[in-house]
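The structure appears right after this line, and notes come after that.
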Amino acid sequence: MEALLPDRLKTLWREVDEGRLSAEDFQREQERLVGEYRLTWTRALLMDSLQDLAESILWELGEYTGNRDGEEIRRRCLHAVAHIKAEWHRNVKDVNRQSVERFYADSEAMIYELMWWHTLSEDLSPLAYVTALEFARGNGCRDFLDFGSGVGSGGILFARHGFAVTLGDISPVSLDFSRWRFERRRLRAVHLDLRDAVLPEAAFDFVTAMDVFEHLVDPGEAVGTLSRALKPGGFLFGRFHAEHDEDRPHHVTLDFVPTFRVLEDLGFEEVWRDEWLWGHQVFRKG
């Protein structure tokens with residue numbers, strides 16, 4: 001497998017430290033390489049003849065909701081984090097599985113927040129899905145599960161590149177929107193409402209959990225579920241880190257030491273870590 005982008009950038013920076021490459025040249029190369037990732041992501045998500053990713057995503061939201069007021073859709077996206085925070089404080093009095101599942105089942109603001117995040121307008125970390133795609137292709141993976149799939153953008157990327165895609169989430173609002181997005185693109189995927197559906201055992205060789213574990217009341221239990229769903233030798237690609245954020249009270253888990261302990265107990269081995277860009281890790285099931 002070719003070196004992944006974070007590793008390539010780490011190696012390049014070593015050349016800066018050794019005086020064999022200028023910081024300016026490094027910055028230009030980093031922008032070029034990240035630009036290639038951005039292009040892969042954008043090409044996968046663009047609708048019809050649209051050329052701008054933010055415009056395309058706002059158009060999708062407008063089509064799905066029946067709201068043709070583009071500026072209103074944009075405002076909902078820009079204020080989605082504040083709306084989610086208000087929804088959380090209004091509806092979640094005690095943090096437990098039932099209250100958290102009920103929150104995600106009812107929240108419509110979440111699709112606006114996630115879709116705007118995927119425009120890359122404020123944060124490039126959704127491009128970690130492209131890193132995941134390269135890792136999966138480099139290791140011959142074929143059967144893909146996005147755990148906590150949200151609005152389905154990561155699944156669209158993998159489907160565009162020939163993977164068999166399954167998307168699992170506890171939000172029926174997000175799952176319905178994701179199904180619509182796949183249908184509009186004539187792409188196939190299995191959508192599972194994880195409030196009641198059970199993941200098939202030993203069905204997947206590659207699972208992503210992108211910025212998911214901090215939303216879970218019991219991340220260790222989720223690791224056990226994913227272990228059963230993974231084939232022997234399969235990979236779990238995720239970010240196991242979150243910091244306190246007053247704007248995101250729905251990040252209910254910040255300590256992942258117990259999660260790492262469960263991974264170890266279940267025989268997972270860390271095989272890769274992004275030490276340069278977004279901090280994701282890959283664990284292989286023994």
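Per residue and in Å³, how big is the convex hull formed by the alpha-carbon atoms of the chain?
Convex hull of Cα atoms, per residue: 140 Å³.
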Y64 versus E24: modelled label distance in nm, points set 7 Å from Cα along the beta carbon direction: 4.4
Under Karplus coefficients 6.51, -1.76 and 1.60, residue-wise ³J(HN,Hα) of the stretch 116-122 in Hz, glycine/proline x: 5, 4, 6, 6, 6, 5, 10
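Considering only the chain, what is the antiparallel percent among its DSSP beta bridges, to the nearest 5?
Numbers: 9 of 26 bridges.
If I count the DSSP bridges inside the chain, around 35 percent turn out antiparallel.
With an 8 Å cut-off on Cα pairs and a minimum separation of 6 or more residues, tell me the relative contact order of the stretch 106-234 in percent. Mind showing how you got there, number by number?
Details: 176 pairs, mean separation 31.5, N = 129.
About 24 percent, as a whole number.
With a 10 Å Cβ neighbour count serving as the proxy for reagent exposure, in which order, fewest first, do S125, S227 appear?
Ascending Cβ contact count within 10 Å gives the list S125, S227.
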Calculated from backbone phi, Karplus (6.51, -1.76, 1.60) coupling profile of the stretch 20-25 in Hz, x at Gly/Pro: 9, 8, 7, 4, 5, 5
Alpha-carbon Rg/Rh ratio, for the stretch 150-227, with Rh computed the Kirkwood way: 0.95
Residues whose placed amide H lies under 5 Å from that of V190, excluding near-sequence neighbours: V165, T166, L167
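Report relative contact order for the chain in percent, whole number only (criteria: Cα-Cα under 8 Å, sequence separation at least 6). Show your work: numbers first, answer last.
Details: 427 pairs, mean separation 45.9, N = 286.
Normalised by residue count, the contact order of the chain is 16 percent.
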Computed helical MRE - 222 nm, the chain, DSSP H runs ≥ 4 contributing -39500 (n - 2.57), nearest 500: -15500 deg cm²/dmol
Sorted by Cβ neighbour density within 10 Å, fewest at the top, the residues E60, E270, E122: E122, E270, E60
Sorted by Cβ density within 10 Å, fewest first, the residues V207, V190: V190, V207
Percent RCO, i.e. relative contact order, over the stretch 114-176, from Cα pairs under 8 Å lying at least 6 residues apart: 30
Dipole magnitude of the chain, debye to nearest 20 (Cβ charges: Lys/Arg +1, Asp/Glu -1, about Cα centre): 840
R0 of 22 Å, Cβ-Cβ distance D255-E101: FRET efficiency to nearest 0.05: 0.55
Built amide H within the under 5 Å cut-off of W272, gap 5+: V282
Largest-first principal axis extents, alpha carbons of the stretch 125-285, Å: 41, 37, 33
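A short reminder: the numbers here are calculations on the coordinates, not readings from a lab. Computed from a predicted model, the values in this text were never measured in an experiment. So basically every Cβ, Gly included, is an ideal-geometry build from the backbone, and we count neighbours across all protein chains shown.
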